1. If each residue of separation counts as 0.36 nm, what is the full-extension length gain between residue 80 and residue 231 once their alpha-carbon separation is subtracted?
2. Going by alpha carbons, how many degrees (0 to 90, nearest 10) lie between the helix axis of 154-166 and the longest principal axis of the chain?
3. Label-point separation (nm) for residue 153 and residue 24, each offset 7 Å from Cα along Cα-to-Cβ?
4. Say R0 is 41 Å: what FRET efficiency, to the nearest 0.05, do residue 91 and residue 15 get from their beta-carbon distance?
5. Quick one: order 185, 161, 89 by neighbouring beta-carbon count within 10 Å, fewest to most.
6. Averaging sequence separations of C-alpha pairs under 8 Å and six or more residues apart, then dividing by the length of region 3-121, give the relative contact order as a whole percent.
7. Can you compute the FRET efficiency between residue 34 and residue 124 using 1/(1 + (r/R0)^6), with r the Cβ-Cβ distance and R0 = 25 Å? Round to the nearest 0.05.
8. Quick one: angle between helix 183-192 and the longest Cα principal axis of the chain, in degrees between 0 and 90, rounded to 10, please.
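Computed from the coordinates by the stated procedures, all read-outs in this text should not be read as laboratory data. Keep in mind that this is a model prediction, so the values were computed, not measured. Every residue, glycine as well, gets a Cβ built from its backbone with ideal geometry; the counts of neighbours run over all protein chains shown.
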C-alpha cells in the first residue's frame with residue numbers, strides 16, 4: 001500500500017461535494033478548494049508523529065488541515081489511536097480514514113479551531129481535581145514515572161492521620177474535628193472505610209481496627225513524617 005493509493009478515493013470524495021482537488025501542490029500532498037476557502041490534506045500510510053508534524057507545518061499556510069490514513073491500519077479502540085486522536089483535537093487537525101479497497105472515506109474529526117477551547121473546558125473539572133490532589137498532599141514523597149509502587153494519595157494521607165488519632169482509643173468525628181480536621185470529611189472517610197483501618201464501636205463512635213494498628217506499625221516512618229508535616233502546616237485539616 002502506498003500513500004498515492006489514498007489520493008483517488010479522496011479526490012472522488014471531495015469532487016462529489018463540489019470541491020476542486022489537486023495533488024502535490026508545492027509541499028501539500030492534496031489541496032482542496034471549497035468555494036473561496038482552501039484546505040490541505042496530508043497523506044500517510046500510518047498515523048504517526050511525522051505526519052502530525054507535517055500537518056502542524058501546513059497550519060502555517062491554511063486554517064483547515066487534515067491527515068488522511070488507511071482505514072485498514074486503524075484500531076479504533078486502541079489506547080495508542082485514542083491518544084493520537086486527542087492530540088490532533090488539541091492541535092485543531094482533522095482526520096480522514098480512507099478504505100483503499102472500497103474507496104470509502106470517513107471524516108473522524110473536523111479541523112475546527114474552537115475545538116481546543118472546548119477540550120480545555122471539558123477537562124476543567126479533571127484539571128481542578130489534579131491540582132487539588134497536588135495541593136492537598138503533605139508529604140510529596142511519590143516518584144514520577146514509578147511503576148507498580150504504591151502511591152501516597154491525599155486520601156491515603158488523610159486515612160493515616162485518622163488512624164494515628166484513633167490509636168489511643170475510640171473517638172467521634174466531632175472529637176476528631178477538634179484537632180483541626182474537617183468533621184464532614186472525617187465522617188465520610190470513616191463510613192467508607194476504604195482500607196479497612198477503622199471499625200464502628202457504636203453509633204457515631206469509631207475505633208482503629210486490627211489492620212489499622214498493623215498499618216501504623218508497618219508504615220511507622222511514613223505516618224511519623226506525615227504527622228510532623230501536618231504539625232508544621234499549623235494543623236491544616238483534611
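1. Computed gain between residue 80 and residue 231 is 49.9 nm.
2. 10 degrees
3. Label-label distance for residue 153 and residue 24, simple model: 5.6 nm.
4. 0.90
5. Placing the least packed residue first, the sequence is 185, 89, 161.
6. 21 percent
7. E between residue 34 and residue 124, to the nearest 0.05, is 0.15.
8. Tilt relative to the chain: about 80 degrees.
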